[in-house]
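Enquirer: Dropping a structure here in structure tokens format, bear with me for questions.
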Amino acid sequence: MDGRGPGGVGGVPPTDIRNPDYFHKVVDCQWACPAHTPVPEYIRLIAAGRYSDAYMVNWKSNVFPGILGRTCDRPCEPACRRGRVEDEPVAICRLKRVAADNKDDIRHRLPAIPAVKNGKRVALVGAGPAALTVARDLMPLGYHCTVFDRDQRAGGMIRSQIPRFRLPEEVIDEEVGYITGMGVELRLGQEVRSLQAILDEGFDAVFVGTGAPRGKDLDLPGRREAAANIHVGIDWLSSVSFGHVERIGRRVIVLGGGNTAMDCCRSARRLGGDEVKVVVRSGYDEMKASPWEKEDATHEGIPILNFMVPKEFLHEGGRLTGMLFERVRAEYDERGRRSLVPTGEPDERIDCDDVLVAVGQENAFPWIERETGVEFDRWGLPKLDPVTFQATNPRVFFGGDSAFGPKNIIWAVAHGHEAAISIDRFCRGEDVAERPPPGVETSSQKMGIHEWSYDNDISADLRFRVPWAEPEKTLRSISVEVELGFDARTAFAEAQRCLNCDVQTVFTAQLCIECDACADICPVDCITFTANGPEAELRGRLNAPSVNLTQALYLSEDLKTGRVMVKDEDVCLHCGLCAERCPTGAWDMQKFLLEMTHAGHACRSH
Amino acid sequence: MTYLAKPRFHHPKLPTNALGYTRRDYEGAVSTLCAGCGHDSISAAIIQACFELDLPPHRIAKLSGIGCSSKTPTYFLGASHGFNSVHGRMPSVLTGANLANRDLVYLGVSGDGDSASIGLGQFAHSIRRAVNMLYIVENNGVYGLTKGQFSATADKGSLSKRGVANHDEPIDLASMALLLGASFVARSFSGDKEQLVPLIKAALRHKGAAFIDCISPCVAFNNHPGSTKSFDFVREHNDAVNRLDVMVERAPIETEYAPGELVEVTQHDGTVLRLRKLDATYDPRDRGAAMAYLQQQSAKGEVVTGLLFVDPEAADLHDALSTVATPLNALDDAALVPGAKALDKLNASLR
Ligand SMILES: Cc1cc2nc3c(=O)[nH]c(=O)nc-3n(C[C@H](O)[C@H](O)[C@H](O)COP(=O)(O)OP(=O)(O)OC[C@H]3O[C@@H](n4cnc5c(N)ncnc54)[C@H](O)[C@@H]3O)c2cc1C
Ligand SMILES: Cc1ncc(C[n+]2csc(CCOP(=O)(O)OP(=O)(O)O)c2C)c(N)n1
Ligand code: SF4
Ligand code: SF4
Ligand code: SF4
Ligand SMILES: [Mg+2]
């Protein structure tokens, strides 16, 4: 026993698997998803061809499966365990789209809206994903919800910013419609100019979901003179979305390296921009846009020029003629902080007809008066409770981009669910700080000696590519969708790549006879029987290098020999071979289904 | 058993050996033995040992007889040579193969039924002839494959699964191997890889007949109270005399030992066996003492494990026969059929 003695000194205590966080963390994708969508659960339903069921699992968690299945920032994918086992994660996002595209009519499965209301009125400012999620959670509880937006149509930036070639209008109409169809009172085309006025209307609570609606500008020489051909990216994109702009010049410069820049350049390419260039201050790898967005732009023949700082708008006779850039390189100090220093090369001139400025977004709350008691911090963001989203005026709640600055749709949805819980509790006079625990169900998957109710044969396939429409077709129109989505057969094969991380390996120490069978069969050497010890030292003694400290060790109580079973969760394939090989059933494969509790469901404090 | 092939994915940081192979490259087909069988652990230990020794899989020959234990070569070293012989006949097939090609590493895998009953004679002669091999018996005290009848290694008085006591004296294969002149004798336990893997490594690098009696519980027929080959019994009665580290080259001693605590034995090929004594009086170089100690402890119901005896300078069958250094199967026709003149000369020398 290595002289350490049974139990070890300062050993790690046995894992408390009754704490829902433990197994939740093992489901990497679900843990990483801001709305905690039960990903492997819906992926299995897709593999089984049960698209409507898969859709509803999504709809409950993230409200916009068809929209997100095309546009989500997918924090789940970098987290996916498959990416640690082989090259690439499961195409989680695009599988979601498969469920949305292939489902049947699901309208009868949406929650019933009570005919008799509960008498509480909630104002929602902004009709973006955050506010719509609040409405989706509160309407079934009998609230009267009133949504204000200055745009004529609901959807927020989903509708005004995301170009149609990435997200068709019908998909927005359908999923926004499921919520507005619940009987939400819509006051569209109506800019809210005073929070006080809303509060004075006697609403029981107000949710602010106005996003980060102001695009940053670039105040450089020539900006005013050439103004006619210099456009702020997000304003230009919404004009395109709403059909107010249909053309752009032949040569276009897009400034910026984020998502907006990528949507601007690809949109410009479709509206007459034959020569579109993206110019970025920083290097390619530091750009804020997702890797796939950069790939998509490159695929459409749009060059991305890095390390060029805009210096001046050039103009002649009141007309924009081009731009001047300073060439820089990155230098890092001892602390690893980057600065961009001029290379000393001559400035570079790029001729152009139009410039799109996509260098960032800001929050703006000119309509919220100080007297309302809503306070802001020095960055201009509201002071909020980070869990409840309640403002310093307790009747006011924030969520989405308006709460902590620009993020994305799935975060807006997650905020919306949390804010709805807060609003519901607030309106009922309950403690807003008390949060309902998640719903958790565990069920053994064992059906026979070697039979499980999930498919435990690990697929060796590599990630499948989503097919694209012909560029000749897509580049000619702003509204032809570029991605075609997986067909049923590819969707099945991609779904089979999922490792079913929610089917947990559950260990019962009392049953183990320490025969080593599980440790021997485990293809990825997760399991070790050894003396306990302090975690860092213990990790050094496991059968395979245990270097991913973000992943937990699962420890048993002391076994008969005084050793413990240690399982490193890092790269477990959830293949169930340990359980198939165990002669005593000390291992079992149990499905762990965690669903977030939304407003009004169960677990009320009284 | 399981019906699935083991997924090909392995741990992304799985180490490779000097040949660039991972341990997984030394595996075989997925086992069809009962879940939890001790034999599968021995297979895993063999895989680990061959990996650690950087053995090229195609230079190993694995041979076996009949039984669950004798089935196991299918489940390890999938890229090595294999021969599954008839019941109890592994030793003679191995001896023949070894004579034909002395350059391979020979691994004989057998069971207590295969070696202590039908194959007892073959076992004895291969040991006393000093065939250069590792002979490993996966000893579970029963005929596992034919549903759990007592084997000849079952202890007198131990109970069958149905509660019937065994009335015959047991054959202790380790003691027999000592008596028959084996130059490397060890006993181990499938449930203790820390002990077993170094023993297999040392035995594979040993020149001469190396024998390991490895107790290997049969979870289906011999792992109940009253059995002396169960996990619980062996763990409770395990009298380990030493712990072994195998070094292909001599390495500095990092841990401090009291005088007499450490024994170093250098084998014929330069491998250093570093033995940490658990029993201060036990000397693994004394054959007579080893035999006496085994007798004495077995009378007390203790199971002695560890490296029991090693003669690092042993000769093997090829030395005894003065065969040429070139494997016989690599000799050309001229060498193998020297002609009538050479025959006449030989005959004349015998007249
Ligand atoms: C070009 C671009 C592309 C993007 N692409 C993606 C993507 O692919 N995937 C992704 O996940 N996210 C994307 N995002 C981000 C995403 O759109 C937002 O994070 C998300 O929409 C925020 O939701 P929200 O509910 O907080 O507010 P928003 O969607 O911004 O909605 C706010 C609404 O409030 C209205 N409003 C604001 N002030 C007032 C007022 N005073 N009175 C009345 N109405 C008002 C606005 O008109 C707007 O409709 C993109 C953003 C941009 C700019
Ligand atoms: C000539 C011959 N006799 C009898 C048998 C039946 N038989 C098959 S395996 C076996 C005993 C195997 O026991 P052991 O070597 O201990 O292997 P285990 O299954 O226990 O690992 C016997 C008697 C046979 N196959 N061939
Ligand atoms: S393999 Fe499946 S369950 Fe596991 S993290 Fe990836 S998507 Fe989630
Ligand atoms: S399920 Fe069991 S055998 Fe399979 S990888 Fe995980 S721990 Fe190993
Ligand atoms: S296979 Fe089962 S009994 Fe054997 S060591 Fe693993 S958990 Fe324990
Ligand atoms: Mg046997």
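The values are calculated or read from the model by the stated rules, or taken from the named source; none is laboratory data. These numbers were taken from a predicted model, which means no experiment stands behind them. Cβ atoms come from the backbone with ideal geometry, glycine included; neighbour counts cover every protein chain shown. When the accessible area is computed, the model is the full protein with side chains, heavy atoms only, and any ligands, DNA or RNA have been set aside. Shrake-Rupley method; radii C 1.70, N 1.55, O 1.52, S 1.80 Å.
Enquirer: Using a 1.4 Å probe on the protein chains only, how many percent of the accessible area of the stretch A:244-322 belongs to carbon and sulfur?
Expert: Reported share for carbon and sulfur atoms: 47 percent.
Enquirer: OK, next. For the protein assembly as shown, what does -39500 (n - 2.57) per DSSP helix run (n ≥ 4), summed and divided by total residues, give at 222 nm, in deg cm²/dmol to the nearest 500?
Expert: Here the helix-only value at 222 nm equals -7500 deg cm²/dmol.
Enquirer: Next question. Output the peptides A:76-86, B:12-22 sorted from most to least packed, where packing is the average of other Cβ atoms within 10 Å over each peptide's residues.
Expert: So the peptides A:76-86, B:12-22, ranked by packing, come out A:76-86, B:12-22.
Enquirer: Calculate one ³J(HN,Hα) per residue across the stretch B:271-286 by plugging θ = phi - 60° into the Karplus curve 6.51 cos²θ - 1.76 cosθ + 1.60, and present them in order as whole Hz with x for glycine and proline.
Expert: 4, 9, 9, 9, 10, 8, 6, 9, 10, 4, 8, 7, 10, x, 9, 10
Enquirer: Right, something else. Loop-only chymotrypsin sites (Phe, Trp or Tyr not before Pro) in the stretch B:186-258, please: DSSP not H, G, I, E or B, and at most 15 other Cβ atoms within 10 Å.
Expert: B:257
Enquirer: If A:165, A:404 are ordered by their accessible area, calculated over protein heavy atoms with a 1.4 Å probe, which sequence runs from highest to lowest?
Expert: The ordering from most to least exposed comes out as A:404, A:165.
Enquirer: Round to the nearest 0.05 the FRET efficiency obtained for residue B:292 and residue A:511 when R0 = 51 Å and r is the Cβ-Cβ distance.
Expert: 0.80
Enquirer: Separate question: Give me, ordered by chain and number, the residues 5 or more places off residue B:82 or on other chains with an amide H under 5 Å from its own placed amide H.
Expert: The list, which skips near neighbours in sequence, is B:62.
Enquirer: Right, here's the next one. Partner chain Cβ atoms within 10 Å, averaged over the residues of B:9-20 - can you pull that number for me?
Expert: Average per residue, whole number: 5.
Enquirer: Please compute, for peptide A:542-549, the average count of beta-carbon atoms on other protein chains lying within 10 Å of each residue's beta-carbon.
Expert: 3
Enquirer: What is the local net charge at residue A:235, summed over the other residues whose Cβ is closer than 14 Å to its Cβ (Lys, Arg +1; Asp, Glu -1)?
Expert: Its environment carries a net charge of -2.
Enquirer: For helix B:193-204, report the angle its Cα long axis makes with the longest principal axis of the Cα atoms of chain B; keep it between 0 and 90° and round to the nearest 10°.
Expert: Helix B:193-204 and the main axis of chain B meet at about 10 degrees.
Enquirer: Just subtract the alpha-carbon distance of residue A:347 and residue A:334 from 0.36 nm times their residue separation and send over the number in nm, one decimal.
Expert: The residue A:347-residue A:334 span can extend by a further 1.8 nm.
Enquirer: Follow-up question, since we're still on this one. What is the local net charge at residue A:190, summed over the other residues whose Cβ is closer than 11 Å to its Cβ (Lys, Arg +1; Asp, Glu -1)?
Expert: Around residue A:190, the surrounding residues sum to 0.
Enquirer: Still on this structure, I have one more. Distance check, please: which entries in A:446/B:156; A:383/A:407; A:96/A:473; B:13/B:229; A:103/A:288; A:294/A:407 exceed 29 angstrom between their Cα atoms?
Expert: A:446/B:156; B:13/B:229; A:103/A:288
Enquirer: Normalised by the number of residues in chain A, what is the relative contact order in percent for Cα pairs under 8 Å and 6+ residues apart?
Expert: Relative contact order of chain A: 19 percent.
Enquirer: From the backbone phi of the stretch A:263-271, what are the Karplus-calculated ³J(HN,Hα) couplings (6.51 cos²θ - 1.76 cosθ + 1.60, θ = phi - 60°) in whole Hz, Gly and Pro given as x?
Expert: 5, 5, 5, 5, 5, 4, 4, 8, 10
Enquirer: Starting from the amide H of residue B:171, placed 1.01 Å from N in the peptide plane, find each other amide H under 5 Å away whose residue is 5 or more places distant or on another chain.
Expert: B:153, B:154
Enquirer: Tally Lys and Arg at +1 and Asp and Glu at -1 over the other residues with C-beta under 12 Å from the C-beta of residue A:565: what net charge comes out?
Expert: -2
Enquirer: Which of the chymotrypsin sites (Phe, Trp or Tyr not before Pro) found in the stretch A:238-316 are in a DSSP loop and have at most 16 neighbouring Cβ atoms, other than their own, within 10 Å?
Expert: A:242, A:284
Enquirer: Roughly how many Å² of residue A:36 are accessible to a 1.4 Å probe, to the nearest 10?
Expert: 40
Enquirer: Right, next: I'd like the accessible area for residue A:444: 1.4 Å probe, protein heavy atoms, all chains in place, Å² to the nearest 10.
Expert: Solvent-accessible area, nearest 10 Å²: 60 Å².
Enquirer: Indicate the gyration tensor shape class of the stretch A:1-109 (rounded, prolate or oblate), computed on the Cα atoms with a ≥ b ≥ c the square roots of the eigenvalues: a/c under 1.5 is rounded; otherwise a/b larger than b/c is prolate and the rest oblate.
Expert: Judged from the Cα gyration tensor, the stretch A:1-109 comes out prolate (a/c at least 1.5, a/b above b/c).
Enquirer: Oh, and also: In debye, nearest 20, what is the charge dipole magnitude of the protein assembly as shown about its Cα centre with +1 on Lys and Arg Cβ and -1 on Asp and Glu Cβ, if you could check?
Expert: Dipole magnitude for the protein assembly as shown comes out near 1060 debye.
Enquirer: Once you put a point 7 Å from the Cα of residue B:250 and another 7 Å from the Cα of residue B:345, both along the Cβ direction, what distance in nm separates them?
Expert: The modelled label-to-label distance comes out at 4.4 nm.
Enquirer: Taking a ≥ b ≥ c as the square roots of the eigenvalues of the Cα gyration tensor of the protein assembly as shown, is the shape rounded (a/c under 1.5), prolate (a/b larger than b/c) or oblate?
Expert: Verdict is prolate for the protein assembly as shown.
Enquirer: Output the relative contact order of the stretch B:229-296, whole-number percent, from Cα pairs under 8 angstrom with separation of 6+ residues.
Expert: The value is 32 percent.
Enquirer: Something else now. Using modelled backbone amide H atoms (1.01 Å from N, in-plane), which distant-in-sequence or interchain residues come within less than 5 Å of residue A:400's amide H?
Expert: Placed amide hydrogens put A:415, A:416 under 5 Å from residue A:400.
Enquirer: Determine ³J(HN,Hα), in whole Hz, for all residues of the stretch B:163-177 in sequence, where each value follows from phi through the Karplus function 6.51 cos²θ - 1.76 cosθ + 1.60 and θ = phi - 60°; x replaces Gly and Pro.
Expert: Along the stretch B:163-177, the couplings run x, 8, 7, 7, 9, 9, 5, x, 8, 9, 5, 5, 4, 4, 4 Hz.
Enquirer: Scan the stretch A:429-484 for trypsin sites (Lys or Arg not before Pro) in coil per DSSP, keeping those whose Cβ has at most 13 other Cβ atoms within 10 Å, and list them by number.
Expert: Filter output for the stretch A:429-484: A:465, A:476.
Enquirer: How large is the accessible surface of residue A:468 in square angstrom, using a 1.4 angstrom probe and rounding to the nearest 10?
Expert: 90
Enquirer: Taking a 1.4 Å probe, which of B:281, A:392, A:505 shows the most accessible area, and what order do the others take after it?
Expert: The ranking, largest first, comes out as B:281, A:392, A:505.
Enquirer: Enter the per residue convex hull volume of the stretch A:371-469, computed from alpha-carbon coordinates, in Å³ rounded to the nearest integer.
Expert: About 221 Å³ per residue, rounded to a whole number.
Enquirer: Would you work out if chain B is rounded, prolate or oblate? Take a ≥ b ≥ c from the square roots of the eigenvalues of the alpha-carbon gyration tensor; rounded if a/c is under 1.5, else prolate when a/b is larger than b/c, oblate otherwise.
Expert: Rounded, since a/c falls under 1.5.
Enquirer: How many Cβ atoms of partner chains, on average, are near each residue of A:516-526 if near means within 10 Å of its Cβ?
Expert: Per residue, the average neighbour count from other chains is 6.
Enquirer: Where does helix A:92-102 land angle-wise versus the long Cα axis of chain A, in degrees 0 to 90, nearest 10?
Expert: So the helix axis and the longest Cα principal axis differ by about 80 degrees.
Enquirer: So what is the relative contact order of the stretch A:224-354, in percent, for Cα pairs below 8 Å that sit 6 or more residues apart?
Expert: Relative contact order of the stretch A:224-354: 24 percent.
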